[in-house]
Amino acid sequence: AQQCTKGYLPTDQLQPDSTGVYNLRRATTSFRGMAGLIVLVNSVLLLLFGSDIFLVGANRPPAPVNVSVMHLRADSATVSWEVPEGDIIIGFSISQQRQDGHMQRFIREVNTTSRSCVLWDLEEETDYIIQVQSIGLYGESQASKKVHFRTLKKTDRFSSNSSNQEL
């Protein structure tokens, strides 16, 4: 639980309503009847009690670094990355987009310590841009730097890792 001056906020017991706003009266009784709202803004919880605003620390994890594309083929590629130490990372999110903008895919995995992901069903000789985000206990990190890669022709067997280009 995160401590705040007027009580404790058991964040593991809170559930947002359909608009993403947390209602304290419905979510917990540990505030002893105080009316208030909890709003999640950029991975920071704001506790609103009348004219008082409390900030409950919720740091975003660091963005992944050293994002690279390996095992490049005509229809697949493996993305790998590193995460700076010190934060608890519970998953990742990958944004994959064709450079021409015609297709975009989001991959999200939680409850994993993996630092790589295989991208399937890619089109041959097509340019893609990817970005990776870390998922922590309090939300997602900023996106990594954009990485560009191009899939091979079906007749090509291997490609050098030097085709990776950060944008």
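In summary, strands (runs of 3 or more DSSP E) completely within the range 81-134 and bearing 1 or more residues that are over 13 Å from V69 (Cα atoms) and open to solvent by less than 40 Å² (accessible area, probe 1.4 Å) occur at 89-98, 104-110. If only residues of the range 68-103 that are over 20 Å from the mean Cα position of the chain (by Cα) and among the polar types (S, T, N, Q) are counted, the one that is farthest from K145 (Cα to Cα) is S76.
The values are calculated or read from the model by the stated rules, or taken from the named source; none is laboratory data. Source: prediction; values computed, not measured. SASA here: full protein model, heavy atoms, side chains in, ligands and nucleic acids out. Shrake-Rupley method; radii C 1.70, N 1.55, O 1.52, S 1.80 Å.
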